[in-house]
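All of the numbers you see were taken from the coordinates with simple rules; none came from a lab. All of these numbers come straight from a predicted model, not from anything done at the bench. Cβ placement follows ideal geometry from the backbone for every residue including glycine, while neighbour counts extend to all protein chains displayed.
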Amino acid sequence: MAEERKYQRTSVFNDFLGLLFNTLFLMFVSLFLSITIEWLGLYFQWWGGGTLHSLDMLRIELVYANTTVETAIEGGFNEGWVAGFIEKYKLVMHYFFYWVSKGFSFLTNDNSTITLYADSGYNISLVFILRAMLIIFSFPLFIMVFIWGFVDGLVERDLRKFGAGRESSTIFEGARRLSLPLLVLPFVLYLSFPTSINPLYVFPPSAIFQALLYRMLFSKYKKYL
């Protein structure tokens, strides 16, 4: 019994570490994609105007942010872990693109082009962290829809059991496998989207879809498959 409890604690800890590393990996991939798309747009002249595209994105995205995030992004100081984290993130990204530009300066003498790409990448990195903070602030919405889907789904499951309704392990397995990818995919697309987008076009539709999916998942829940 003691060994079983120890195994369960280890399994939960490993699952938590796996979730943490997968989240960080997906955020890194989203940041890499967003900067790569911006640089491709500069190279193929999709945007036009040099850094104006990334600056316009940053300016529009700041409208969607709250006061704390907006102040931290714009360079003012505001107390709290959000502002402190953003300040450290900005410092890291500033040094990163500074040394990247220094490294590429050995390959070409066109410093203006290197500076253009470095400034655009830095601006997009600020757009990324701004969107990431908006996702963090939206977590209560997704917790709420999960609770609604959980409760309403189990109530429907009990009604089905008491009414001698048919069970479907296929629907349950399909909903279970789709729940995590469909939760992560909208956020990855939102973080790497190449133009400004209102988060109201992303979070509420995703939350509604997740609520319906969780309701289906728990209404078809089977203890033994």
Checklist entry - Expressed in nm to one decimal, what extension gain is obtained for the pair Trp99 and Phe137 from 0.36 nm per residue of sequence separation less their Cα-Cα distance? => result 10.5 nm
Checklist entry - How high is the FRET efficiency from Leu26 to Thr115, r the C-beta distance, R0 25 Å, rounded to 0.05? => result 0.25
